1. Determine the pairs where a residue that is touching a residue at least 12 places away in the same chain (Cβ under 8 Å) and of a type in the set (A, V, I, L, M, F, W, C), located within region 102-113, has a partner that is open to solvent by less than 40 Å² (accessible area, probe 1.4 Å) and assigned to a strand (DSSP E or B) with Cβ atoms under 6 Å apart, the partner being 6 or more residues away or on another chain.
2. Could you name every one of the strands (runs of 3 or more DSSP E) located completely within region 69-154 that has at least 1 residues being small (Gly, Ala, Ser)?
3. Please go through region 36-49 and give me each residue that is over 20 Å from ASN138 (Cα atoms), of a type outside the set (S, T, N, Q) and outside any helix (DSSP H, G or I), ordered by number.
4. Could you list, in sequence order, the residues of region 75-91 that are surrounded by fewer than 23 Cβ atoms within 10 Å (Cβ to Cβ) and modelled with pLDDT under 95?
5. So which residues in region 155-166 are of a type outside the set (A, V, I, L, M, F, W, C), open to solvent by less than 30 Å² (accessible area, probe 1.4 Å) and not in a helix (DSSP H, G or I), if there are any at all?
6. Filter region 94-129 down to the residues that are open to solvent by less than 60 Å² (accessible area, probe 1.4 Å) and in contact with a Phe, Trp or Tyr (Cβ under 7 Å, 6 or more places away or on another chain), then identify the one that is nearest to VAL66 (Cα to Cα).
7. For residues in region 6-35 being assigned to a helix (DSSP H, G or I) and open to solvent by 40 Å² or more (accessible area, probe 1.4 Å), which is farthest from ALA53 (Cα to Cα)?
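The values are calculated or read from the model by the stated rules, or taken from the named source; none is laboratory data. Given the structure is predicted, the values throughout are model-derived calculations rather than measurements. Neighbour counts are summed over all protein chains in view; Cβ atoms, including those assigned to glycine, are modelled from backbone coordinates with ideal geometry. Accessible surface areas use protein heavy atoms only, side chains included; no ligands, DNA or RNA. Shrake-Rupley method; radii C 1.70, N 1.55, O 1.52, S 1.80 Å.
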Amino acid sequence: NDIAAIIGPSQSAKLDTVASYCGRKANLKTLIAPFPVSSEVLKKYAGESWFFALAESDITQNEILVNQVAAYGAKSIALLAQNSVYGATFIDWFAFHATEAKLDIKGIFAYDDTTEVDSIAKAAFKSGAEEIVCVPDNYMPIQKILKARAATKSKAKIIFGNSILNANILQLDNIEGIEGFAIGPDPSSGFNIAYNARFSTYPIM
C-alpha cells in the first residue's frame, strides 16, 4: 500500500501490536514511537532498523514520578497499576526507585482488569501511603480510583502517569488533590518558539 511510515500509537500494548505488523517482511514499514513506552516493548524491537523510539522508556517516567513524590517531602508511597504491557515497567521498577529515594513503600497494588479496580484501589488507599502513584493504561479507570479514595476517606494525594491525559478528567468528581505527568519539550530548547513560528500555535502538552 501507500503507507511508508506510522507514528504511534501512544499506548504500549497497541504499539506492540502495530510493531509486530510493521516488522513483517511482506509489509516492512518505519514505525516511530513519539511517547515513552514500556521497557519490554523497547527491548523487544531494539536494534530493528525500522523502529525509532523518540523518548525514553517508562523506567524514566517511573523514576520521575517517584522523585517528584520525594521532592514534595512525603515519607511513604504506594503504586496502583494494571497488570499489562504498560503497567509491567512500573511494577518492576517501582520498589527500586522508591528505595533509592528513601521512601517507605506501603505496597504495590496491581489489578488484572477494570472489574478489580475498586477493590484493589481501596486496598491501596487503606495502606497508609501519603502519596500514591497511579498508572492505569488509560483514563477510563480514574473515576473508580477517585471513588475508592472517597470511600476510604483517604487523605493520600495521587500522581498519575502520562497515560491518563484526557480532557474528560476535568468533568470527573473528587479530582481535588490529584496531578498528572505530561510529556513536553524542554522550554530552554526553543522547540515551542520554532513550532509556533511554523504553525502559528503552540504544541499541545
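1. Note: pairs meeting the criteria are LEU103/ILE77; ILE108/LEU79; PHE109/LEU80; ALA110/ALA81.
2. 76-82, 104-111
3. ALA46, GLY47, GLU48 - these are the residues of region 36-49 that are over 20 Å from ASN138 (Cα atoms), of a type outside the set (S, T, N, Q) and outside any helix (DSSP H, G or I).
4. Residues satisfying the conditions are ASN83, SER84, VAL85, ALA88.
5. Selection gives GLY161 alone.
6. Per the stated criteria, the residue is ALA124.
7. Among those residues, the one meeting the criterion is ALA26.
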